[in-house]
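The values are calculated or read from the model by the stated rules, or taken from the named source; none is laboratory data. Keep in mind that what you see is a predicted model, and the values were worked out from it rather than measured. A quick note on method: Cβ atoms are made from the backbone with ideal geometry, for glycine too, and the neighbour counts reach across all protein chains shown. Each accessible area value is taken on the protein alone, full model and side chains, heavy atoms only, with ligands, DNA and RNA left out. Shrake-Rupley method; radii C 1.70, N 1.55, O 1.52, S 1.80 Å.
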Amino acid sequence: MTQLTPGNTEQHTSSSSDAANPQWGGRFASGPAAIMEEINASVGFDHILWRQDIRGSLAHAAMLRKVGLLTEEEENDIRRGLADIARDIEEGRFDFSPALEDIHMNIESRLSERIGEAGKRLHTARSRNDQIATDFRLWVRDSIDGVLKQTEALMAGLATQALRYHDVPMPGFTHLQVAQPVTFGHHLLAYVEMLSRDASRLSDARARLNECPLGSAALAGTSFPIDRSMTAQELGFDRPTANSLDAVSDRDFALEYLSVLSMEAMHLSRLSEEIVQWASAAFNFVHLSDAFTTGSSIMPQKRNPDAAELVRAKVGRITGDLVGLLTVMKGLPLAYAKDTQEDKEPVFDATTAITLSLAAMDGMIRDLKPNKERMRELAGAGFSTATDLADWLVRELRLPFRTAHHVTGRLVSMAEQKTCDLADLSLEEMTSVEPNINASVYDVLTVDASLASRTSIGGTAPANVKKQAEAWLERLSK
């Protein structure tokens, strides 16, 4: 494909007789310098919008026919011509011309070549300003739908694994120090909750962008008797935009989309970091198959979790795309400015990165297998049931929690000096610190007892985890 981008989208009267500047018409006497053509052309990347551009043109043509600005024959010619162009692009037989700047002029020029005068009438009552704003909203909306679907698929994968391993103990960490036992299923469900918020934010962003700019023209609206509600409905928007200046210059929808993607990428990066840790020899919590690991060119024993590492890195790229577009938009006056040509590549790039990351993470989550023995071993390490002991002192001996905390701390210190677990201390040793401790204390010092006791809403008790995982799977299936 020719190196091909959304160009200056101001509406101009065209003149096919002006060979030097066919897209600009009689205003310019000579053609642009080569460097100007290079920096000005956007079709090299905005050709991605061809489906949305054709869809918008079909809706616009239908509206022009309804209000009497096109005849039925002209609309039919336009529909037939656009269908032929769509087929050519699909089959790779469409040559995009940088001289025509952008996807809009490339399609419009080819349409006019094929169907004549009717093609030249299509641009009545619209500008490339409202055209690109509409195309871009349609593209982002389609992308949100795709990312939402992938996000929910990953949530289902996590919930499936959470249900399968709802009662498998593992150490819960704070400060990367063993804190209290949790279940592997509980840990995975934490990421389901994170991703559910991402899904909610994507849905919110979609609702806010779902207003149609088409008909705002260059910046001030149009004097033609158009029906903006009709085009909005044809394109699946909730309503037309309310202010023509805002409609052609707004890119909040793209910024909000990038913001949500940045947050979701951050969540995927956190999960990736844990997978990298879990798959290491030091942790040895999970095994990833050959499908999601690579070897070393020099160390034959290595199994590197490269898929997780690459997903972990994508957050830098996606957040960079957000910051880049924020910086482009921060100083722009109303209405349209050529700077806005820089809005699409960051969005295209971030979308590619997040869709690849979600696909890779979904594959890894469904692929990984926990090392149950190793997880259980470390779940009880580092005096992880100390809080259970303190809770027992409060519940059974009616000690104030601060007092119970102090007693437990002394018992932990004793066990540490003896290089044993709390459960290995004798009753005599325990009563030397708190005389009222009795033998029933040992019932709460096991990992399984600790897990079973965490029955509060949102707690890690296996029964809770099983119920939550089942609830998420049912919700996602709908």
Rounded, prolate or oblate: which fits the stretch 28-161, taking a ≥ b ≥ c as square roots of the Cα gyration tensor eigenvalues, rounded meaning a/c under 1.5, else prolate when a/b beats b/c?
oblate
When ligands, DNA and RNA are left out and all protein chains stay put, how many square angstrom of accessible area per residue does the chain have with a 1.4 Å probe?
46 Å²
Cα-based radius of gyration of the stretch 210-317 once divided by 2.2 N^0.38 Å, which approximates compact folds
1.86
Compute the Cα gyration tensor for the stretch 326-399, then decide on rounded, prolate or oblate, letting a ≥ b ≥ c be the square roots of its eigenvalues: rounded whenever a/c is under 1.5, prolate when a/b is larger than b/c in the other cases, and oblate in all that remain.
oblate
Using the structure shown, select from LYS149/LYS372; LYS372/LYS467; LYS149/LYS467 the pairs with a Cα to Cα distance greater than 28 angstrom.
LYS149/LYS372
Starting from 0.36 nm per residue, how many nanometres of slack lie between ARG270 and THR455 once their C-alpha separation is accounted for?
63.9 nm
How far apart, in nanometres, would the label points at ASP339 and ARG164 be if each is projected 7 angstrom from Cα along the Cα-to-Cβ direction?
5.0 nm
Once you have the Cα-Cα distance between GLU193 and ARG374, take 0.36 nm times their residue separation minus that, and quote the gain in nm to one decimal.
62.6 nm
What does the charge count near PHE184 come to, summing +1 for each Lys or Arg and -1 for each Asp or Glu among other residues with Cβ under 13 Å from its Cβ?
+3
Summed over the other residues with a beta carbon less than 10 angstrom from that of LEU411, with K and R at +1 and D and E at -1, the charge totals -2
When the chain is fully extended, how far beyond the present Cα-Cα distance does ASP252 get from ILE35, taking 0.36 nm per residue of separation?
75.1 nm
I need the Debye-formula profile for the stretch 350-478: one equal scatterer per C-alpha, no solvent, reported as log10 I(q)/I(0) at q = 0.16, 0.20 1/Å, two decimals.
-0.88, -1.16
Normalising by the residue count of the stretch 124-220, find the relative contact order in percent from Cα pairs under 8 Å and 6+ residues apart.
46 percent
Note on the chain: alpha-carbon gyration tensor, axes a ≥ b ≥ c; rule is a/c under 1.5 for rounded, else prolate if a/b larger than b/c, else oblate; result prolate
Out of residues 5 or more away from GLY172 or on other chains, whose amide H comes under 5 Å of its own, with H placed 1.01 Å from N in the peptide plane?
ALA179, GLN180, VAL182
For LYS120, counting only lysines whose alpha-carbon sits under 22 Å away and dropping same-chain residues fewer than eight positions off, the answer is LYS66
Taking R0 as 22 Å, what FRET efficiency do you get between GLU416 and SER280 from their Cβ-Cβ distance, rounded to the nearest 0.05?
0.25
Calculate, for ASN76 and ALA359, the FRET efficiency according to 1/(1 + (r/R0)^6) with r their C-beta to C-beta distance and R0 41 Å; round to the nearest 0.05.
0.50
Diffing the stretch 359-375: the Karplus 3J(HN,Hα) column from phi (6.51, -1.76, 1.60, θ = phi - 60°), in whole Hz with x for Gly and Pro, holds 5, 5, 5, 4, x, 5, 4, 6, 8, 5, 10, x, 8, 4, 5, 5, 4
Tell me the net charge near ASP349. Cut-off is 11 Å between Cβ atoms, ASP349 excluded, with +1 for each Lys or Arg and -1 for each Asp or Glu.
+1
Can you compute the radius of gyration and Dmax for the stretch 230-383, using only the Cα atoms, both in Å?
21.8, 68
Spin-label model distance (nm) - ASP448 vs ASP238, 7 Å beyond Cα toward Cβ:
5.3 nm
Accessible surface of the chain, 1.4 Å probe, proportion on carbon and sulfur as whole %:
51 percent
If the reach is capped at under 15 angstrom between alpha carbons, list the aspartates and glutamates near LYS330, excluding any in the same chain fewer than eight residues apart.
ASP246, ASP250, ASP252, GLU256, ASP321, ASP339, GLU342, ASP343
For the stretch 275-283, Karplus-derived ³J(HN,Hα) couplings (6.51, -1.76, 1.60; θ = phi - 60°; whole Hz; x for glycine and proline) come out as 4, 4, 5, 4, 7, 6, 5, 5, 7
From the phi of every residue in the stretch 440-453, what ³J(HN,Hα) in whole Hz does the Karplus formula 6.51 cos²θ - 1.76 cosθ + 1.60 yield, where θ is phi - 60° and glycine or proline is x?
5, 4, 5, 5, 9, 9, 9, 4, 5, 5, 4, 4, 5, 7
To the nearest 0.05, how large is the calculated FRET efficiency for PHE224 and ASP290 if R₀ is 60 Å and r is the Cβ-Cβ distance?
0.45
Please give, to one decimal in nm, the separation of the simple spin-label points placed at VAL323 and LYS478, each 7 Å out from Cα toward the Cβ.
4.2 nm
Taking the stretch 159-277 as the region of interest, what is the percent of Cα-Cα pairs per 10 angstrom bin, listed from the shortest bin to the one with the maximum distance?
12, 27, 21, 15, 13, 10, 3, 0
